[in-house]
Amino acid sequence: MHWEYAVLGLAAGVLVGLTGVGGGSLVTPVLALFGIPTVSAVGTDLVFAAITKSCGTVVHRAQRSVEWRIVGLLAAGSCPAAFLTVLFLASGRLRPNGLIEGTLAIALILTGISLCLDRERVAAFARKAAPLRPLRPAITVAAGALLGALVTLSSVGAGALGATFLAVLYPGLAARRIAGTDIAHAVPLTVIAGIGHFALGNVDGDLLASLLVGSVPGIVLASLLSGRLPERAVRTALAVVLMAVGARFGVAAA
């Protein structure tokens, strides 16, 4: 048992349960900075996210804070995209570490930017785009496809970017329902991507067990408290860290 990874899992579980973000965007870069190979960090984190967010989804479902129709639309795009991305990685046409590190850098910076956005202002802007409302289901599927490819390559983006997409496309959703829907959608996406990485040999079982020891109680407790605690300061601090780490991975990938 590696207790430092259990503490990391606890921190990730609490962040995901409170805000719907912070799992992959925190765990993967920290593991890579600890010396875990990038492909193993991504693969292990995807399986970790699938298990952790399944626990969070159970809690949010019990609290009726999941919009299942939206989950279905997102998954209609993300799951096929994740499967195709795994096939692409398995083909061996590109150097996996370089591709994943580059994608990780982009995903972390985009995630950091999305965390800085004021969701109320984003929702107000989205309400002005009423003429696009008939296209919303198709745009939701397309957003899911983008998330599917990005998350499979980097394990980052399902939380913060997914929540931002939801805030833009569905401005009437309360923050609690955005978090619940975002977490629920991440489950099938990370299951497919995680199975793919497991088949490619990119999952470290011992590391995964250590992360889960901390994350499962963390996300259950935080999901119960979701919507009752302030999240703005946490999101801002996390955004700064993610953009800095993303820049670091961008330099490494180059």
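The values are calculated or read from the model by the stated rules, or taken from the named source; none is laboratory data. Nothing here was measured: the structure is a model prediction, and the numbers come from that model. When we count neighbours, we look across all protein chains shown, and the Cβ atoms used for this are built from the backbone with ideal geometry, even at glycine.
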*Could you run through region 196-212 and say how many residues are surrounded by fewer than 19 Cβ atoms within 10 Å (Cβ to Cβ) and closer than 15 Å to LEU153 by Cβ?*
1
*Counted residues, region 60-73 - those being assigned to a helix (DSSP H, G or I) and buried (at least 20 other Cβ atoms within 10 Å of the Cβ)*: 4
*asked:* Which of the numbered conditions does LEU132 fail, given that it passes all the others? Conditions: (1) within 21 Å of ALA105 (Cα to Cα); (2) surrounded by fewer than 21 Cβ atoms within 10 Å (Cβ to Cβ); (3) at pLDDT below 85; (4) of a type in the set (A, V, I, L, M, F, W, C).
replied: (1)
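The rows are residues; the columns are (1) over 16 Å from ILE106 (Cα atoms); (2) without any contact (Cβ under 8 Å) to a residue 24 or more places away in the chain; (3) among the aliphatic types (A, V, I, L, M).
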residue: LEU146; (1), (2), (3): no, no, yes
residue: SER154; (1), (2), (3): no, no, no
residue: GLY162; (1), (2), (3): no, no, no
residue: LEU173; (1), (2), (3): yes, no, yes
residue: ALA179; (1), (2), (3): yes, no, yes
residue: ILE183; (1), (2), (3): yes, no, yes
residue: GLY194; (1), (2), (3): yes, no, no
residue: LEU200; (1), (2), (3): yes, no, yes
residue: ASP206; (1), (2), (3): yes, no, no
_VAL191 being in a helix (DSSP H, G or I), surrounded by 17 or more Cβ atoms within 10 Å (Cβ to Cβ) and at pLDDT 90 or above_ = yes
*Restricting the search to region 27-46, which residues are of a type in the set (A, V, I, L, M, F, W, C) and surrounded by fewer than 24 Cβ atoms within 10 Å (Cβ to Cβ)?*
VAL30, ALA32, LEU33, PHE34, ILE36, VAL39
*Considering only region 149-168, how many residues are crowded, with 24+ Cβ neighbours inside 10 Å, under 20 Å from ILE100 (Cβ atoms) and of a type outside the set (Ser, Thr, Tyr)?*
10
*Of (1) in a helix (DSSP H, G or I); (2) among the small types (Gly, Ala, Ser); (3) over 23 Å from ALA145 (Cβ atoms); (4) at pLDDT below 85, SER25 satisfies all except one. Which?*
(3)
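Do we find that THR103 is modelled with pLDDT of 90 or more, crowded, with 18+ Cβ neighbours inside 10 Å, in a helix (DSSP H, G or I) and hydroxyl-bearing (Ser, Thr, Tyr) in this structure? Spell out how you get there, then give the answer.
On the way: modelled with pLDDT of 90 or more: no; crowded, with 18+ Cβ neighbours inside 10 Å: yes; in a helix (DSSP H, G or I): yes; hydroxyl-bearing (Ser, Thr, Tyr): yes.
In short, no.
Tell me the residue from ALA12, ALA49, ALA76 that is crowded, with 24+ Cβ neighbours inside 10 Å, in a helix (DSSP H, G or I), modelled with pLDDT of 80 or more and small (Gly, Ala, Ser), please.
Details: ALA12 fails: modelled with pLDDT of 80 or more; ALA76 fails: crowded, with 24+ Cβ neighbours inside 10 Å.
The conditions single out ALA49.
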